[in-house]
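Heads up, the thing below is written out as structure tokens.
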Amino acid sequence: MQIWSTAAELAALDDLRSEGPLVLVPTMGALHEGHLSLVRHGRDLGPVVATIFVNPTQFGPGEDFDSYPRDLEADLAMLEPLGVRGVFAPTVHEIYGGEGEVIVKAGRRSRDLCGAGRPGHFDGVLTVVAKLFGLVKPDVAIFGRKDAQQCLVIDQMVHDLKMGIRLIDAPTLREPEGLAMSSRNRYLGPEDRERALALSRALGEARRLIEAGERRTRVLTGAMSEILEICDSLEYAEVRSVPALDTNDVIAGRTLLAVAARVEPARLIDNLVLEVGPDTVTEASLLDT
Ligand code: AMP
């Protein structure tokens, strides 16, 4: 496994391109099984390159950029046995040095949900992802469905800026009790972890209601909000169409159930993507790939 920290070193990627579609798995490190599942998914498609970069421009003032867990050695030790061919772990200066005037502005899909509570977050995400795409020039990029709005915002960028990269949203990996894996889960003590289960429980309850025939958005968001009352604060419990992220009074077709709440000291998000037919409800992906 090669390790690169500068753009110049990425010339080594050209040796991998002949082996098949080059697959990029971007991460901020502090890796867990969820990240590794993206790598395992990618391995079946072609040589996999991972990036580890805690991107300052996607953190707002007062967010956890400084305290975000960083452990490059541990991350590399997890990636090596999976057959990752190379890891790009640049410095902030390598990515943002120079003039740094151009940023990518996320469109309509970024407005609500996490975008409402984290102004500028998705502009930061798109700017760094565009830079990583420009540096690595992957054929395929894999992102986690866990960050559903992120997937849809990146999908819009790739489409609008004609980047020609195939995007895949990989399913969310969960702890056995249902908690979605996240680097921020390590902020949680045992009691916090118990309350954090409210997020997956709220989504499970909304799914149960939909399976029982409920289609009214108001009823579904009400049921999720009630379960999330146990958290320190509820940021949102929403039901949106996919991919546009519109709100409709009654759901039909591909639907995102999305929740965000604080269980101090962490801000947690989770979601479920369902294909809702007149009589059937099945789990679905966000992107058609
Ligand atoms: P992060 O390091 O948090 O930026 O995450 C890097 C990638 O891993 C993103 O595409 C995330 O959506 C994805 N990811 C994070 N948590 C999970 C999970 N529990 N299951 C699957 N993918 C995940």
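The values are calculated or read from the model by the stated rules, or taken from the named source; none is laboratory data. For clarity, every value in this text was computed on a predicted model and none was experimentally measured. Methodologically, a virtual Cβ is constructed for each residue, glycine included, from the backbone with ideal geometry; neighbour enumeration extends over all protein chains shown. When the accessible area is computed, the model is the full protein with side chains, heavy atoms only, and any ligands, DNA or RNA have been set aside. Shrake-Rupley method; radii C 1.70, N 1.55, O 1.52, S 1.80 Å.
Assign one of three labels to the range 224-289, namely rounded, prolate or oblate, based on the Cα gyration tensor with a ≥ b ≥ c the square roots of its eigenvalues; rounded applies when a/c is under 1.5, prolate when it is not and a/b is larger than b/c, and oblate otherwise. Because a/c hits 1.5 or more and a/b exceeds b/c, the range 224-289 counts as prolate. Under a model in which nothing but the beta-carbon of Lys, Arg (+1) and Asp, Glu (-1) is charged, the range 1-106 shows a dipole of about 320 debye around its Cα centre. Within the shell defined by Cβ-Cβ distances under 15 Å, the residues around Ser67 carry a net charge of -1, with Lys and Arg each +1 and Asp and Glu each -1.
Straightening the chain between Glu194 and Arg208 buys 2.9 nm, computed as 0.36 nm per residue apart minus the Cα-Cα spacing. Placing pseudo-labels 7 Å out from each Cα toward the beta carbon at Arg17 and Asn248 gives an inter-label distance of 4.2 nm.
Here the contact order of the range 1-83, divided by its residue count and restricted to Cα pairs under 8 Å and six or more residues apart, works out to 34 percent. Full extension of the chain between Ile103 and Leu45 yields a length gain of 17.8 nm, computed as 0.36 nm times the residue separation minus the alpha carbon distance.
In deg cm²/dmol and to the nearest 500, what is the mean residue ellipticity at 222 nm of the chain if only DSSP H runs of at least 4 residues count, each as -39500 (n - 2.57), divided by the residue total? The helix-only estimate for the chain comes to -9500 deg cm²/dmol at 222 nm. Over the Cα atoms of the range 1-64, the radius of gyration divided by the Kirkwood radius equals 1.03; this is the Rg/Rh ratio. Taking all Cα pairs closer than 8 Å and separated by 6 or more residues, the relative contact order of the chain comes to 16 percent. An ellipsoid equivalent to the range 45-101, defined through the eigenvalues of its Cα gyration tensor, has semi-axes of 25, 16, 9 Å when rounded to whole angstrom and sorted largest first. Taking every protein chain into account, the accessible area of the chain amounts to 45 square angstrom per residue (probe 1.4 Å). Overall, the accessible surface of the chain at a probe of 1.4 angstrom is composed of carbon and sulfur to the extent of 51 percent. Every Cα-Cα pair of the chain was included, and the share exceeding 35 Å stands at 17 percent.
Between His35, His121, His93, the GNM of the chain built on Cα springs shorter than 10 angstrom shows His93 fluctuating the most. Subtracting the Cα-Cα distance of Val92 and Val281 from 0.36 nm times their residue separation leaves 63.7 nm of extension gain.
Under a straight-distance cross-link criterion of Cα-Cα below 18 Å, which lysines are reachable from Lys137, leaving out those fewer than 8 residues away in the same chain? By straight Cα distance, Lys137 reaches Lys162. The distance from the alpha carbon centre of the range 140-182 to that of the range 190-242 is 21 Å, rounded to a whole number.
Radius of gyration over Kirkwood radius for the range 136-244, both on Cα atoms: the Rg/Rh ratio is 1.03.
Amide H contacts of Gln2: Gly86, Val87, each under 5 Å away and 5 or more positions distant or on a separate chain (H built 1.01 Å from N in the peptide plane; Pro and chain starts excluded). Remark: accessible surface ordering of Ile251, Ile103 (largest first) is Ile103, Ile251, probe radius 1.4 Å.
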